[in-house]
Amino acid sequence: MVTLKDVAKAAGVSAMTVSRVIHGNTSGVSQETRAKIQEIIDTMGYVPNASARSLVGSSSHIITVLVSKRHYENPLESPYNAELLGVIANAVQQEGYCLMVRLVDTFQDITPSLRSWHSEGAIFLGVFDSEMLQIQNDNKIPLVFTDSYSSMRQIINVGIDDFKGGSLAAAHLAGLGHRQFAFIGPSIQENGVIRHRYEGFCLGLNDLGIPSEAITAYTSDTEEHMALALEDIRRRHGELTAIFAASDVIAANLIQDLHHAGFQIPADYSIMGFDNQPIGRFLTPQLTTISQDVHRKAELAVEILFRHIKDAGAPAENIVLDVQLVERASTASRV
């Protein structure tokens, strides 16, 4: 039986380094070294730990949820991620399985995490589109992605109509008489979800005769980016009157910061979000938003995963759930 020391010797590194790579603790280990260790593990057929070795050839009854840390140091601080994970955990437990949650920095952390516990299937939260082909090739177990906009056909995905959500936001704000708009969210270059919300917003306004020049896009990736966006929004008071935030959390931060700066919502700025998280109902004023059914998305992800665990030949599925406008007090007619 191949041991951890055998892998370390073949890779020319310490056993501790191999152990760190296997368990996803890759700080201080170069990408080249991680790739070399993983290749040797695959070639030698090493199963990472005693618990996993005892499970080879039998059912582990373990499902893994992999959560991207790309935009969060702690992604479970996101109300959206926390709600999604809570529903998934309950549904997996009802199937008699155990759930393992892994926060991942890069896709190189994924395969060691799945193999070390002999996972029977996995659900992905976050954006993994650029690495999806490699993930699929490396792991021959059912994989369910959420909110993917990958062009790959043979993937299982549960998402929502983000483009429609952006269009609904455009129709709502334009219908209130606004003519200068801001969109604020993570980079639209890296994130399919955010890009589709932005494109739906822009094209929705264009269809109403409002030119693209009337829309300013701001990035919220860092505190510095948020501070620069707020500075420009305040500077343009009286000109820019409507803001569509890519999430309710971003919208809540905007309302709080603008209120502290002496502005009134919605008298000075109409602000709306996306997701319909509970935080929106607790704000003053309550938040207008685009609602998605996070609970149903999570349930479907688990249902589809177990369908594929029970039937390896089941076809790939791409489920797109609907969204709707929820109008509250944070948006109002332009006077």
Write out, first by first residue and then by second, each pair whose Cβ atoms fall under 9 Å of each other, whose residues are 6+ apart or on separate chains, and whose first residue, in region 1-28, is under 22 Å from Val104 (Cα atoms) and among the basic types (Lys, Arg) while the second is at pLDDT 90 or above and assigned to a loop (DSSP other than H, G, I, E, B).
none
Of the residues in region 263-295, those that are in a helix (DSSP H, G or I), farther than 17 Å from Gly165 by Cα and free of Cβ contacts under 8 Å to residues at least 60 places away in the same chain come to Arg281, Phe282
With respect to Val56, is the statement that it is outside the structural domain of Pro278 (by TED's automatic domain parsing), at pLDDT below 95 and in contact with a helix residue (DSSP H, G or I) (Cβ under 7 Å, 6 or more places away or on another chain) true?
no
Residues being free of Cβ contacts under 8 Å to residues at least 60 places away in the same chain and in a loop (DSSP other than H, G, I, E, B): count how many of those fall in region 176-231.
9
Can you tell me which condition Gly126 does not meet? The list is (1) on the phi < 0 side of the Ramachandran plot; (2) at pLDDT below 95, and all the others hold.
(1)
Top-ranked residue in region 251-294 [being of a type in the set (Val, Ile, Thr) and more than 25 Å from the chain's Cα centre (by Cα); ranked as surrounded by the most Cβ atoms within 10 Å (Cβ to Cβ)]:
Ile265
Only residues that are within 21 Å of Lys140 (Cβ to Cβ) and either of a type in the set (A, V, I, L, M) or modelled with pLDDT of 90 or more (or both): list them for region 96-113, please.
Tyr97, Cys98, Leu99, Met100, Arg102, Val104, Ile110
Filter region 102-159 for residues that are surrounded by 21 or more Cβ atoms within 10 Å (Cβ to Cβ), among the aromatic types (Phe, Trp, Tyr) and touching a residue at least 40 places away in the same chain (Cβ under 8 Å) and give the result.
Phe124, Phe128
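Of all residues in region 313-335, which are under 14 Å from Asn157 (Cα atoms) and of a type in the set (S, T, N, Q)?
Step one: of region 313-335, the residues under 14 Å from Asn157 (Cα atoms) are 314-321.
Result: Asn318, single match.
Based on what the data block shows, is Leu99 crowded, with 20+ Cβ neighbours inside 10 Å and outside any loop (DSSP other than H, G, I, E, B)? Give the derivation first.
Details: crowded, with 20+ Cβ neighbours inside 10 Å: no; outside any loop (DSSP other than H, G, I, E, B): yes.
Spelling it out, it is not the case that Leu99 is crowded, with 20+ Cβ neighbours inside 10 Å and outside any loop (DSSP other than H, G, I, E, B).
The values are calculated or read from the model by the stated rules, or taken from the named source; none is laboratory data. It should be emphasised that the depicted structure is a prediction, and the values quoted were computed from it without experimental measurement. Positions of Cβ are generated from backbone atoms using ideal geometry, with glycine treated the same way; all protein chains shown enter the neighbour counts.
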